[in-house]
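Take a look at the structure below.
The values are calculated or read from the model by the stated rules, or taken from the named source; none is laboratory data. Everything quoted here is computed from the prediction, not taken from an experiment. No Cβ is skipped: glycine too gets one built from the backbone with ideal geometry, and neighbour counts run over all protein chains shown. These accessible areas exclude ligands, DNA and RNA; they are computed on the full protein's heavy atoms, side chains included. Shrake-Rupley method; radii C 1.70, N 1.55, O 1.52, S 1.80 Å.
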Amino acid sequence: DLTGRPIVGPAGQMLDRAIAEAGIARKQVFVTNAVKHFKFAPRGKRRLHQKPNTTEIRACRPWYENELAAIKPDLVVAMGATAAQCAFGKATPINKNRGRLIDLEPRLKALVTVHPSYLLRLPDADARAREYQRFVDDLKVAAALLRKLARAA
């Protein structure tokens, strides 16, 4: 957050690795935050992220809509509950919806998955490896759609 770029540090490195493993070129991806501010609680020298509330997510939605209008993506990958709530305009359960394409608009699809920081917080190495593979598998759904759209173009 201090760099002013979205999803950096260990979570950003994990995202970049997963994108590559899924077969997606990083230059095809635009990464943004659904909420444009970083809410935190100070813990000594560390700043612990706090989840934005619905009012904050709604307040930032115009930026998301402007980004969609400017970029005109074929796919939105909502990573985590905050991104899913922003994309769908309502609370959207991650595990119930993850890994499948969902219509947002007639020409815009969404894919719901976990946020890379969730993977970093898993306490068990086996669970981290298993969930990381599920994350890559979710991104492979995105890669398959991108290949299909490229062939159709």
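Could you work out the relative contact order of the chain, using alpha carbon pairs under 8 angstrom and six or more residues apart, expressed as a whole percent?
Values: 170 pairs, mean separation 35.0, N = 153.
Reported relative contact order: 23 percent.
Which one, Cys86, Leu108, Ala25, is farthest towards the positive end of the dipole of the chain when Lys and Arg carry +1 and Asp and Glu -1 on their Cβ?
Cys86
How far apart, in nm, are the 7 Å Cα→Cβ label points at Glu105 and Ala127?
3.8
Quick one: grab the alpha carbon gyration tensor of segment 49-150, order the square roots of its eigenvalues as a ≥ b ≥ c, and give me rounded if a/c is under 1.5, else prolate or oblate depending on whether a/b is larger than b/c.
Verdict is oblate for segment 49-150.
What distance in nm separates the two pseudo spin-label positions at Asp74 and Arg17, each 7 Å out from Cα along the beta-carbon direction?
2.9
At most 16 other Cβ atoms within 10 Å plus a DSSP loop assignment makes a site exposed; report the longest stretch of the chain without any exposed chymotrypsin sites (Phe, Trp or Tyr not before Pro). It would help to have the intermediate numbers written out before the result.
Values: sites that count: Phe30, Phe38.
My reading of the result: 39-153 is the longest stretch.
What share of the DSSP beta bridges in segment 15-114 is antiparallel, in percent to the nearest 5?
55
Show me the trypsin sites (Lys or Arg not before Pro) within segment 46-153 that DSSP assigns to loop and that have at most 15 other Cβ atoms within 10 Å of their Cβ.
Sites meeting the loop and neighbour criteria: Lys90, Arg100, Arg107.
Keeping all protein chains in position, work out how much accessible area Glu131 exposes to a 1.4 Å probe, and write it in Å² to the nearest 10.
30
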